[in-house]
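Asker: Sending over a structure as structure tokens; questions will come in a sec.
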Amino acid sequence: MDDRQPGDHKQTEAEFSRRVADKEQRKLRGRQDKKQSVWFGLGLFGLVGWSVTIPTLAGIALGVWADRTWESRYSWTLMGLFIGVILGCLQAWYWLKQEGQKGGSNLYR
């Protein structure tokens with residue numbers, strides 16, 4: 001019934017131990033790293049918020065202008081909103097990835 005080989009248990013145990021050790025190291029680094037305070041977290045939160053908000057508002061504004069300029073059965077405003085949100089989320093992902101690489105963390109990779 002059990003398809004595992006005798007050496008598999010040792011291998012999974014070693015993998016588990018390695019994962020626990022990696023998480024412990026990351027937690028200890030986080031506690032020792034004083035430059036990333038609450039203000040850093042709030043700043044990153046604001047950066048992500050604005051990096052999504054600005055392209056979204058720009059897409060809406062461009063869509064409203066296109067709706068007023070050209071007659072169409074499709075809503076340019078909604079398309080601008082959708083494209084702005086997509087671009088903003090991509091930009092936020094990029095910034096979070098960059099911050100994760102600076103800190104040596106593999107959370108965003």
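The values are calculated or read from the model by the stated rules, or taken from the named source; none is laboratory data. All values reported here derive from a predicted model rather than from experimental measurement. Cβ placement follows ideal geometry from the backbone for every residue including glycine, while neighbour counts extend to all protein chains displayed.
Asker: Restricting attention to segment 61-87, report how many residues are of a type in the set (Ser, Thr, Tyr) and closer than 22 Å to Trp50 by Cα. Even if it seems obvious, please write down each step before you answer.
Answerer: Going through segment 61-87, the residues of a type in the set (Ser, Thr, Tyr) turn out to be 69, 72, 74-75, 77.
Now restrict to residues that are closer than 22 Å to Trp50 by Cα: 77.
The total comes to 1.
Asker: Here is a follow-up. What pairs come up if the first residue lies in segment 40-60 and is under 20 Å from Lys102 (Cβ atoms) and not assigned by TED's automatic domain parsing to the domain that holds Gly100, the second is modelled with pLDDT of 90 or more and surrounded by 15 or more Cβ atoms within 10 Å (Cβ to Cβ), and their beta carbons are under 8 Å apart, counting only those six or more places apart or on different chains?
Answerer: none
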